[in-house]
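The next block holds one structure in the form of structure tokens; read it before the comments.
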Amino acid sequence: NAGVTQTPKFQVLKTGQSMTLQCAQDMNHNSMYWYRQDPGMGLRLIYYSASEGTTDKGEVPNGYNVSRLNKREFSLRLESAAPSQTSVYFCASSDRESSTDTQYFGPGTRLTVL
Amino acid sequence: KNEVEQSPQNLTAQEGEFITINCSYSVGISALHWLQQHPGGGIVSLFMLSSGKKKHGRLIATINIQEKHSSLHITASHPRDSAVYICAVRSLVSGTYKYIFGTGTRLKVLA
């Protein structure tokens with residue numbers, strides 16, 4: 001049982017390049033999330049998917065797109081990377097959207113945009 | 001002002017010391033989580049609280065809903081406790097439950 005996995009672990013991009021961050025969970029969770037973590041700031045929600053087939057914007061969606069490929073997989077795409085997108089990205093999943101649900105996090109992807 | 005504030009931001013302790021990390025929040029919540037993030041590592045959930053107190057090994061978490069405050073205590077601290085501890089509240093925002101995260105407390109325990 002791997003939990004939440006993310007690939008790649010590290011990535012360096014040049015401004016304007018595109019890439020997709022992959023996330024998969026094997027806990028049969030309905031909800032999945034993408035966060036970014038920047039120094040001096042709390043985790044901020046980029047996009048989330050409450051269930052297969054649905055996606056919604058979070059707090060900081062600009063410059064990103066997502067795809068909920070199936071129940072297991074939720075990818076985050078940067079179409080034209082910018083230095084402001086240098087960050088650590090975390091994927092998370094939870095059983096369902098509820099008042100007391102617990103999220104399980106992946107190991108993170110450290111992205112640098114030059 | 002952030003909706004979730006943690007203090008202190010950084011903390012250095014000697015092995016064996018009793019440690020307290022504080023979290024205050026200004027929004028209505030349904031639950032509060034304490035998370036642990038090791039250097040270069042992922043994030044794991046330590047506790048979920050909606051009232052009272054929980055204990056797991058050397059870790060104790062308390063919450064006072066009226067005062068909108070929670071504390072995480074570590075007894076007999078050990079170098080392996082060195083990590084960033086993050087407070088996160090579960091709050092109803094525009095009809096959807098969302099997490100609001102504190103900026104974290106960086107703890108270093110010296111041998």
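The values are calculated or read from the model by the stated rules, or taken from the named source; none is laboratory data. Quantities reported herein were computed from a predicted structural model and do not represent experimental measurements. Positions of Cβ are backbone-derived with ideal geometry, glycine not excepted, and every protein chain shown enters the neighbour counts.
Report whether or not residue A:58 is without any contact (Cβ under 8 Å) to a residue 40 or more places away in the chain and either hydroxyl-bearing (Ser, Thr, Tyr) or farther than 14 Å from residue A:20 by Cα (or both).
Taking the combined requirement at face value, the residue satisfies it.
Six or more apart or on different chains, Cβ under 9 Å: which pairs go from a residue in segment B:39-53 that's more than 10 Å from every other protein chain (Cβ to nearest Cβ) and part of a loop (DSSP other than H, G, I, E, B) to one that's surrounded by 15 or more Cβ atoms within 10 Å (Cβ to Cβ) and of a type in the set (Gly, Ala, Ser)? Could you list them?
Pairs found: B:39/B:82; B:39/B:83.
Out of A:101, A:56, I need the residue that is surrounded by 14 or more Cβ atoms within 10 Å (Cβ to Cβ) and either away from chain B (no Cβ under 12 Å) or of a type in the set (Asp, Glu) (or both). Which one?
So the residue among A:101, A:56 that is surrounded by 14 or more Cβ atoms within 10 Å (Cβ to Cβ) and either away from chain B (no Cβ under 12 Å) or of a type in the set (Asp, Glu) (or both) is A:101.
Considering segment A:50-78 alone, what residues qualify as being under 16 Å from residue A:5 (Cβ atoms) and part of a loop (DSSP other than H, G, I, E, B)?
A:69, A:70, A:71, A:72
For segment A:23-50, which positions are touching a residue at least 24 places away in the same chain (Cβ under 8 Å) and surrounded by fewer than 16 Cβ atoms within 10 Å (Cβ to Cβ)?
A:26, A:27, A:28, A:38
Would you mind stating whether residue A:37 is under 18 Å from residue A:7 (Cβ atoms), within 11 Å of chain B (Cβ to nearest Cβ) and of a type in the set (S, T, N, Q)?
yes
Looking at residue B:45, is it within 11 Å of the chain's Cα centre (by Cα), under 28 Å from residue A:6 (Cβ atoms) and at pLDDT below 95?
yes
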